[in-house]
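Reading through the structure tokens given below for one structure.
Quick note: the coordinates plus some simple rules give every number you see, no bench work behind them. Please read these numbers as outputs of a predicted model, since none were measured by experiment. Don't worry about glycine lacking a Cβ; one is built from the backbone with ideal geometry, like all the others, and counts go over all protein chains shown.
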């Protein structure tokens, strides 16, 4: 009996520790929202696998997006072509340096330039999508809104994935959003989303820098030698 009594504090501590290590899904989603809402400068790099119906293999590509509040960003993409049989990657760079929005196609060595002042709240179509606020929202809306997805969200399991050469323990959970369902791998320590699966793609983040200083060169662009200005 004395041994049992002596062990009781250990049992209580063990249960308390387990409870702390396994937060509920609402707590995790709230922490994700808090983390990403506090971010104004960031850089994300991801390897993206596209799921194409009827394709023998799922092609993959690469995306870099960096944002510096209030109006600078850089996006570099190398993504599979629209045809399922097309193994080539279509490359594009877009840079908003706060004064000019540059777009560049490396394969054809063509560029275009648009005054950033023309991208107002009322700008429609593709140009409207290039506004810094629109690009920032496109990349971050679902993470900042994670607390809105508590209903129906589920923790599936724990799993370690690799980031910068190190294994990171994650919660794997599913959420339902206005854009459809997502599965997220969430860093247990920092509450960063390190992988995101949707119906049509899987994005594995190889770089996640939130609220860290970013080099000025990320937000600058100079047309390469011989580049031609687009006539479109």
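Between residue 198 and residue 222, what is the FRET efficiency for a Förster distance of 35 Å, r being their Cβ-Cβ separation, to the nearest 0.05? My answer for the efficiency is 0.50. For region 129-232, pairs of C-alpha atoms spaced more than 16 angstrom apart make up 68 percent of the total.
Using a simple spin-label model with pseudo-atoms 7 Å out from Cα toward Cβ, residue 231 and residue 62 lie 3.2 nm apart. Could you check the simple spin-label distance between residue 105 and residue 24, using points 7 Å along Cα→Cβ, in nm with one decimal? Placing both labels 7 Å beyond Cα along the Cβ direction yields 5.3 nm. Fully extending the segment from residue 47 to residue 90, taken as 0.36 nm per residue of separation minus the present Cα-Cα distance, adds 14.0 nm.
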